[in-house]
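> First, the structure itself, so that you have it in front of you.
The values are calculated or read from the model by the stated rules, or taken from the named source; none is laboratory data. Quantities reported herein were computed from a predicted structural model and do not represent experimental measurements. Note: ideal-geometry Cβ built from the backbone for every residue, glycine included; neighbour counts use all protein chains shown. Heavy atoms of the whole protein, side chains included, go into the accessibility calculation; ligands, DNA and RNA do not. Shrake-Rupley method; radii C 1.70, N 1.55, O 1.52, S 1.80 Å.
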Amino acid sequence: MSGTNRNRELLLIFFAMLVIATGFVLTALNTGRPIATALRFTGFLAAVFIAIHIANRLFVSTAEPTLVPLVAFITGLGLVMIWRLKPELAAAQAVWLLVGAIALVGAMLTARRYQKFKDYKYTWAIAGVILLFAPVFLGVERGGARLWIDLGPVSFQPAEIAKLCFVLFLASYLEEKRRLLSISTKQAFGIWLPELKHLGPLLIMWAVSLVILVLERDLGTSLLFFGLFLAMLYVATGRPFYVVLGTSLFIAGAAACYFAFSHVQVRFDIWLDPWLDPSGRGYQIIQSIFAISSGGLAGTGLGLGNPNLIPAVHTDFIFSAIAEELGLLGSVAVILAYLLFISRGLKIALTADDEFGKLVAAGLTSVFALQTFVILGGTTKLIPLTGVTLPYMSYGGSSILINFILLALLLTISAKRGERGE
């Protein structure tokens, strides 16, 4: 069974590389860039993912077989687009892919006894809070949000690391408290609730998410972390009541922030009507919408559109470039790849051997799904713009590194399930 899974994984990686090689060659032909460079990037990607495949055979031979090929496709398409949009950054992104692959193998070895992680739940919580709020004091502002810290030539988003810390903390805490949170013993305003001390984390996460909104000026990150908590709380207790209560509290808090803080009001107003300032704050989203609409059904072709008119197109708006040059068909293919990854992650959570592994897998998949929704929603004007990256696809070292570690954890948890023969 494990050999069949790994053979299937290798075959799917081969098909993903075939698609990516075609993308590189078309980009080279349409932009006049060297074919040899396109082939070198393809060969590099193939070597990285075959190395990951070999590591899977050695360390997690019974792991889920479709996750790595999906990441190979998404990451490869991201590198094609970065080479097309900002060729000077493609080599740096390739280096981060190599670093991410090394980190994946390291995390795979470290996480073989992942149940030990729950012994450090408050360490994860403290580390997560410090990382989340570090940009408030040490960060730099980009695009109206304060999410990055610059360390010489390298900049990173601490929130990328914080999300893993919070997943491990919440999984540990909810595994311990899930029964107490499932029982209602107090009544307030006609609603039966658990003991207030057990509801404390819900209220703390609500407050933390609103502080992020005010201090870091970013609704997306605020929504990402509060949504992660609600999703894991629902998985742990099975009570829709928490989702309704949490969502209501978040909407009420965000509405209060809108009236209390001018910078929050500006971000919302630009989201509602970017034409209020078309050459300033509304310029990015307006160009994104133009790019998506000009793609049509099949797109303009790789290298034949004008996505460079969008500021930060290689990071936050890389999906808009794909929509313009690969059209509706290419956009749907990308979204389907993300949905498949999410569905396999949820299956790993449902079939995990232990409660902690189940919650970790559900949390990792939730944060991945929420981040994908937040950035795709921002580029299409469904929700306000945010500074988060599209997982595995956008340019960014910290994003690549953390998402490869996320992949390692999911593979390890799924391997435990596979070891019992399912």
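> Could you tell me which residue of the range 245-254 is surrounded by the fewest Cβ atoms within 10 Å (Cβ to Cβ), considering only residues that are closer than 15 Å to G220 by Cα and at pLDDT 80 or above? Let's see the steps before the verdict.
So the first thing to find is which residues in the range 245-254 are closer than 15 Å to G220 by Cα, and the list is 247, 250-251, 253-254.
Keeping just the survivors that are at pLDDT 80 or above gives 247, 251.
Numbers: T247: 13, I251: 10.
This residue is I251.
> Considering only the range 218-240, state which residues are touching a residue at least 12 places away in the same chain (Cβ under 8 Å), closer than 11 Å to L181 by Cα and open to solvent by 10 Å² or more (accessible area, probe 1.4 Å).
Of all residues in the range 218-240, those touching a residue at least 12 places away in the same chain (Cβ under 8 Å) come to 218-233, 235-239.
Filter again for closer than 11 Å to L181 by Cα, leaving 233, 236-239.
Once the filter is applied, which keeps residues that are touching a residue at least 12 places away in the same chain (Cβ under 8 Å), closer than 11 Å to L181 by Cα and open to solvent by 10 Å² or more (accessible area, probe 1.4 Å), the range 218-240 yields T237, G238, R239.
> Same structure, new question: Looking at the structure I just gave you, is F368 free of Cβ contacts under 8 Å to residues at least 12 places away in the same chain, of a type outside the set (A, V, I, L, M) and surrounded by fewer than 24 Cβ atoms within 10 Å (Cβ to Cβ)?
Values: free of Cβ contacts under 8 Å to residues at least 12 places away in the same chain: no; of a type outside the set (A, V, I, L, M): yes; surrounded by fewer than 24 Cβ atoms within 10 Å (Cβ to Cβ): yes.
In short, no.
> Among the residues of the range 346-392, how many are of a type in the set (K, R) and either under 18 Å from T237 (Cβ atoms) or not in a helix (DSSP H, G or I) (or both)? Write out each step before concluding.
Let us first name the residues in the range 346-392 that are of a type in the set (K, R), namely 347, 358, 381.
Applying the additional criterion that residues be either under 18 Å from T237 (Cβ atoms) or not in a helix (DSSP H, G or I) (or both) yields 358, 381.
Matching residues across the range 346-392 total 2.
> Restricted to the range 271-291, and to residues that are part of a helix (DSSP H, G or I) and without any contact (Cβ under 8 Å) to a residue 24 or more places away in the chain, which residue is nearest to P311 (Cα to Cα)? Let's see the steps before the verdict.
Filtering the range 271-291 down to residues part of a helix (DSSP H, G or I) leaves 271-272, 274-276, 283-291.
Then keep just the ones that are without any contact (Cβ under 8 Å) to a residue 24 or more places away in the chain; that gives 272, 275-276, 286, 290.
On the way: L272: 20, W275: 17, L276: 18, I286: 11, F290: 13 Å.
Going through the qualifying residues, I end up with I286.
> Across the range 1-22, which residue is surrounded by the most Cβ atoms within 10 Å (Cβ to Cβ) among those that are at pLDDT below 95 and of a type in the set (G, A, S)?
S2
> Now, a different point. Can you tell me which residue is modelled with the highest pLDDT among those in the range 269-286 that are touching a Leu at 6+ places or on another chain (Cβ under 8 Å) and of a type outside the set (D, E)?
I285
> Now a separate question. Can you go through T110, T66 and tell me which one is under 30 Å from G357 (Cα atoms), without any contact (Cβ under 8 Å) to a residue 24 or more places away in the chain and polar (S, T, N, Q)?
The conditions single out T110.
> Sticking with this one: Can you spot a residue in the range 374-387 that is in contact with a Pro (Cβ under 8 Å, 6 or more places away or on another chain) and surrounded by fewer than 19 Cβ atoms within 10 Å (Cβ to Cβ)?
Restricting attention to the range 374-387, the residues satisfying the condition of being in contact with a Pro (Cβ under 8 Å, 6 or more places away or on another chain) are 378, 381.
Now restrict to residues that are surrounded by fewer than 19 Cβ atoms within 10 Å (Cβ to Cβ): 381.
Taking every residue of the range 374-387 in turn, at least one turns out to be in contact with a Pro (Cβ under 8 Å, 6 or more places away or on another chain) and surrounded by fewer than 19 Cβ atoms within 10 Å (Cβ to Cβ).
> Right, here's the next one. Can you tell me which residues in the range 67-111 are touching a Gly at 6+ places or on another chain (Cβ under 6 Å) and within 21 Å of F368 (Cβ to Cβ)? Walk me through it before giving the result.
Taking the range 67-111 and keeping what is touching a Gly at 6+ places or on another chain (Cβ under 6 Å), we get 80, 84, 96.
Residue satisfying the conditions is W96 alone.
> Something else now. I'd like to verify a number: residues in the range 133-181 that are part of a helix (DSSP H, G or I), β-branched (V, I, T) and at pLDDT below 85, how many? Write out each step before concluding.
The initial filter retains those residues of the range 133-181 that are part of a helix (DSSP H, G or I), namely 133-138, 158-181.
After this cut, where a residue has to be β-branched (V, I, T) as well, the list is 136, 161, 167.
Within this subset, residues satisfying the condition of being at pLDDT below 85 are 136.
Residues in the range 133-181 being part of a helix (DSSP H, G or I), β-branched (V, I, T) and at pLDDT below 85: 1 in total.
> Would you call K416 surrounded by fewer than 22 Cβ atoms within 10 Å (Cβ to Cβ), farther than 23 Å from R57 by Cβ, among the basic types (K, R) and in contact (Cβ under 8 Å) with a residue 40 or more places away in the chain? Break it down stepwise before answering.
Details: surrounded by fewer than 22 Cβ atoms within 10 Å (Cβ to Cβ): yes; farther than 23 Å from R57 by Cβ: no; among the basic types (K, R): yes; in contact (Cβ under 8 Å) with a residue 40 or more places away in the chain: yes.
No; evaluated as a whole, the condition is false for this residue.
> I'm trying to understand the selection: among the residues of the range 369-399, which are modelled with pLDDT of 90 or more and over 18 Å from I310 (Cα atoms)?
Matches in the range 369-399: A369, L370, Q371, T372, F373, P391, Y392.
Results for (1) over 18 Å from Y392 (Cβ atoms); (2) open to solvent by less than 20 Å² (accessible area, probe 1.4 Å); (3) among the aromatic types (F, W, Y), shown as yes or no for each residue.
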{"site": "L29", "(1), (2), (3)": "yes, no, no"}
{"site": "P34", "(1), (2), (3)": "yes, no, no"}
{"site": "A47", "(1), (2), (3)": "no, no, no"}
{"site": "I50", "(1), (2), (3)": "no, no, no"}
{"site": "N56", "(1), (2), (3)": "no, yes, no"}
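> Give the residues of the range 256-293 that are open to solvent by 60 Å² or more (accessible area, probe 1.4 Å), hydroxyl-bearing (S, T, Y) and over 17 Å from L376 (Cα atoms), sorted by residue number.
Selection gives S262, S279, Y283.
> For the range 75-88, which residues satisfy the criterion of being buried (at least 16 other Cβ atoms within 10 Å of the Cβ) and in a helix (DSSP H, G or I)?
At the first step, the residues of the range 75-88 found to be buried (at least 16 other Cβ atoms within 10 Å of the Cβ) are 75-86.
Of everything in the range 75-88, those that are buried (at least 16 other Cβ atoms within 10 Å of the Cβ) and in a helix (DSSP H, G or I) turn out to be T75, G76, L77, G78, L79, V80, M81, I82, W83, R84, L85.
> Next up: For the range 251-303, which residues satisfy the criterion of being touching a helix residue (DSSP H, G or I) at 6+ places or on another chain (Cβ under 7 Å), under 30 Å from L230 (Cα atoms) and among the hydroxyl-bearing types (S, T, Y)?
Y258
Rundown of residues vs (1) among the hydrophobic types (A, V, I, L, M, F, W, C); (2) within 24 Å of L340 (Cα to Cα); (3) out of contact with any Asp or Glu (no Cβ under 7 Å at 6 or more places or on another chain), yes/no style:
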residue	(1), (2), (3)
T62	no, yes, no
L70	yes, yes, yes
G76	no, yes, yes
W83	yes, no, yes
P87	no, no, yes
A103	yes, yes, yes
R113	no, no, yes
K121	no, no, yes
